[in-house]
Amino acid sequence: MAQMTKSRKTRIIVAISGASGAIHGIKALELLRELGTVETHLVTSPAGARTILEETGHTPVQVEAMADVCHAFRDIAAPLASGSFAVDGMLVAPCSARTLGGIAVSLGDNLIVRAADVCLKERRRLVLMFRETPLHLGHIELMANVTRFGAIVMPPVPAFYTRPASIEEMATQTTARALELLGITAPALKRWPPADRSGED
């Protein structure tokens, strides 16, 4: 008699690398926790931890407390480093040029890059909120490479049609859009056309 597979929560990896925009990784953890149906696994790079301190009102320890499970950046023996550990997708928010380059060449020298590589080889969803501007040809070619491999590159471009009143609102909308690319719909996501302006010219 075949064994029944035990059901589990949706499992998402959230990685915070050292680019500007740590608020997006933090917001992803907040939105996923609010859903109550997603198990979050967090990996933060040392530069990401520094960016959290520089850009937000949180400490790295406070951000780690938002996740269900935290993994060390250099622990390439962590469960996330193996394709046999089932996850449903990964969000790198923000994604630095260093991280993008590591993923583009399958470097695997830290857990963020290795976990992303596992998602690609297992044909799981991988969304990279690449945070760099302006772009040189190297950046563009790296984005093309990871796109060919199956990743989705989503620069954190704000949606002004929502008329955000704060950075918080702007980050919430952008992060909610990134989560939808992973197949997760957050109630905070605002869609076009806005209900209160649908009749405008």
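Taking the stated definitions as given, is A97 buried (at least 17 other Cβ atoms within 10 Å of the Cβ) and at pLDDT 95 or above? Yes. In the set (1) loosely packed, with under 12 Cβ neighbours inside 10 Å; (2) at pLDDT below 95, V157 fails one condition alone, (2). Of everything in the range 160-181 that is under 24 Å from A97 (Cβ atoms) and open to solvent by 20 Å² or more (accessible area, probe 1.4 Å), the residue that is farthest from the chain's Cα centre (by Cα) is I167. Out of all the residues in the range 136-148, is one or more hydrophobic (A, V, I, L, M, F, W, C), under 14 Å from the mean Cα position of the chain (by Cα) and surrounded by 14 or more Cβ atoms within 10 Å (Cβ to Cβ)? Checking the range 136-148: not a single residue is hydrophobic (A, V, I, L, M, F, W, C), under 14 Å from the mean Cα position of the chain (by Cα) and surrounded by 14 or more Cβ atoms within 10 Å (Cβ to Cβ). Of all the numbered requirements in (1) under 22 Å from I23 (Cα atoms); (2) modelled with pLDDT under 95, G108 misses one, and that requirement is (1).
In the range 128-153, the residues that are closer than 14 Å to V92 by Cα reach residues that are among the aromatic types (F, W, Y) with C-beta atoms within less than 7 angstrom, at least six apart or across chains, in these pairs: M143/F130; V153/F130. When residues in the range 154-169 are screened for being under 30 Å from K121 (Cα atoms) and free of Cβ contacts under 8 Å to residues at least 24 places away in the same chain, 1 of them pass.
The residues listed here are V118, V157; of these, the one that is of a type in the set (A, V, I, L, M, F, W, C) and in a loop (DSSP other than H, G, I, E, B) is V157. Of all residues in the range 105-133, those satisfying the criterion of being farther than 15 Å from I76 by Cα and open to solvent by 10 Å² or more (accessible area, probe 1.4 Å) are V105, L120, K121, E122, R123, R124, R125, R131, E132, T133.
If you filter the range 70-81 down to residues that are outside any helix (DSSP H, G or I) and open to solvent by 50 Å² or more (accessible area, probe 1.4 Å), you find that the one that is nearest to T99 (Cα to Cα) is R74. Residues in the range 30-67 that are without any contact (Cβ under 8 Å) to a residue 24 or more places away in the chain, touching a strand residue (DSSP E or B) at 6+ places or on another chain (Cβ under 7 Å) and open to solvent by less than 80 Å² (accessible area, probe 1.4 Å): P60 only.
The values are calculated or read from the model by the stated rules, or taken from the named source; none is laboratory data. No experiment lies behind these values; they were computed from the predicted model shown. With ideal geometry, Cβ positions are generated from the backbone for all residues, glycine too; neighbour counts draw on all protein chains shown. In case anyone asks, the SASA skips ligands and DNA or RNA and just uses the protein heavy atoms, side chains included. Shrake-Rupley method; radii C 1.70, N 1.55, O 1.52, S 1.80 Å.
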